Amino acid sequence: MRLSELGEFGLLGELARRGLVQRIENDAARFAPDFVVTQDALVEGVHFRLDWTGWRDLGYKAAAVNISDLAASGAEPEALIVSLGLPRETEADDVIELYEGIAEAGVPVLGGDTTSADRLYLSVTALGRASRVPGREGARPGDLLVVTDPLGASAAGFHCLKEGIKSSLVRSHLRPPLRVVEGKELAGTAHAMLDISDGLASDAQRIAERSHCRLVIELERVPIADGVAEIAERVHDDVYSLACAFGEDYELLAAVLEPGRFTVVGRCEEGEGVVFLRDGEPVERSGWDHFRD
C-alpha cells in the first residue's frame, strides 16, 4: 500500500503493530523520572519556501515547533540539538542568521550535525523536564476541551504569503507562539493534552483514538484570531477551515475538568471519533496529513 493511501497515522500504526516503534503516541518521549525529548524536522519545499521565509524566521520556527511539543508535555525546555543539511553554495552569513533565529527562542543549542544536501533540511531535537506529562490517553467523558488562544492565524498568514496579501498575519505563520507557561499550568490537572500542529480536526482525533472516547467540538465556540475571517473571504475559503484544518497554530488543546482561564471549545463523551457541530448539526472537518493528497 502506498503512503498516499495509508496516511501518516496509518504508517505509524503499522510500524507500532509490527513492534518496530514503541511509545510514540504522545508529543514527546518521556524517560523516568522527568526527562522529556522530542524531535521535528523542516524540509525546504515541504514546510517552508525561502522566497517566503527569511533565515532568521526559519531558525526561530524550527526551535518553536519543537518547544511546542515540550509545552504540550508540560515541560520546561533545557536544550536543543540541531542537525542541518545545506547545499554547498549556501552563504555562511545565512546559516549564522538561521542560528540567531534559533537563539531567539531562548533555549541553548548544545550540539548537532551538519551535512551537504540538495536542499535545506533542518532537524531539531528538544530536551526538557516535566513533573507531569498528561499525554493523549487520559481524556474521559465529562471532560471539557480547551484551547490556549485563538486559531487560524497561521493558515491566514500562509494564504497571505501565497496570494501576496500584506498583513500582520504573515508573522503568525512564520513565528509560532511559545506556550511553555500555559503548558506547565495545564499539565498540572489536564487528563490529556497536545499541541495543534496538524489542525484541530486531526489533533483532536489523536486524543479520541488514544483515550477511547468521542470528542465533540462546537465550531461557534472555537476562537478565531483577529483578521482571519477577512482573509478567508478574500481567498474564498471557510473561516473554520482555516481555524480547524490547516494547522500550524501551535496552540494547546487539553481535556480538563475545570477550564480555568482557557477557552472551552467542546467536550468528551462516551463513543469514538471526533464530531464537529455547527448550529447543532454535524459537519465534516479534516486536518493535515503529510502523505495524503
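Taking helices (runs of 4 or more DSSP H) that do not extend beyond region 141-224, which have at least 2 residues that are of a type in the set (Ser, Thr, Tyr)?
It comes to 200-211.
Determine which member of the set Asp93, Asp113, Asp118, Asp143 is acidic (Asp, Glu) and surrounded by 15 or more Cβ atoms within 10 Å (Cβ to Cβ).
Asp143
When the residues of region 188-204 are narrowed to those that are more than 21 Å from Phe48 (Cβ to Cβ) and in contact with a Ser or Thr (Cβ under 7 Å, 6 or more places away or on another chain), which ends up surrounded by the fewest Cβ atoms within 10 Å (Cβ to Cβ)?
Residue satisfying both the conditions and the ranking: Ala201.
Residue by residue through region 242-288, note down the ones that are more than 22 Å from Ile67 (Cα to Cα) and among the acidic types (Asp, Glu).
Scanning region 242-288 gives Glu258, Glu269, Glu270, Glu272, Asp279, Glu281, Glu284.
How do the pairs read when you match residues in region 263-291 that are at pLDDT below 95 with residues anywhere that are surrounded by fewer than 16 Cβ atoms within 10 Å (Cβ to Cβ) and in a strand (DSSP E or B), using Cβ under 9 Å and keeping only pairs 6 or more apart or on different chains?
Final answer for the pair search is Val283/Leu277.
In region 225-248, what residues are small (Gly, Ala, Ser) and in a helix (DSSP H, G or I)?
Ala229, Ala232, Ser241, Ala243, listed by residue number.
Take Glu220 and tell me if it is surrounded by fewer than 18 Cβ atoms within 10 Å (Cβ to Cβ) and either aromatic (Phe, Trp, Tyr) or without any contact (Cβ under 8 Å) to a residue 24 or more places away in the chain (or both).
For Glu220, the condition - surrounded by fewer than 18 Cβ atoms within 10 Å (Cβ to Cβ) and either aromatic (Phe, Trp, Tyr) or without any contact (Cβ under 8 Å) to a residue 24 or more places away in the chain (or both) - is not met.
Of everything in region 23-76 that's in a helix (DSSP H, G or I) and of a type in the set (Asp, Glu), which residue is surrounded by the fewest Cβ atoms within 10 Å (Cβ to Cβ)?
Filtering first and then ranking leaves Asp57.
Counting just the residues of region 106-140 that are β-branched (Val, Ile, Thr) and assigned to a loop (DSSP other than H, G, I, E, B), which one comes out farthest from Gly260 (Cα to Cα)?
Val107
So which of Ala187, Ala126, Ala139, Ala155 is in contact with a His (Cβ under 7 Å, 6 or more places away or on another chain) and either in contact (Cβ under 8 Å) with a residue 60 or more places away in the chain or on the phi > 0 side of the Ramachandran plot (or both)?
Ala139
Please go through region 250-274 and give me each residue that is more than 20 Å from the chain's Cα centre (by Cα) and either outside any strand (DSSP E or B) or among the hydrophobic types (A, V, I, L, M, F, W, C) (or both), ordered by number.
Leu257, Glu258, Pro259, Gly260, Arg261, Cys268, Glu270, Gly271, Glu272
The values are calculated or read from the model by the stated rules, or taken from the named source; none is laboratory data. These numbers come from a predicted model, not from an experiment. Because the Cβ atoms are built from the backbone with ideal geometry, glycine has one as well, and the counts that use them run over all protein chains shown.
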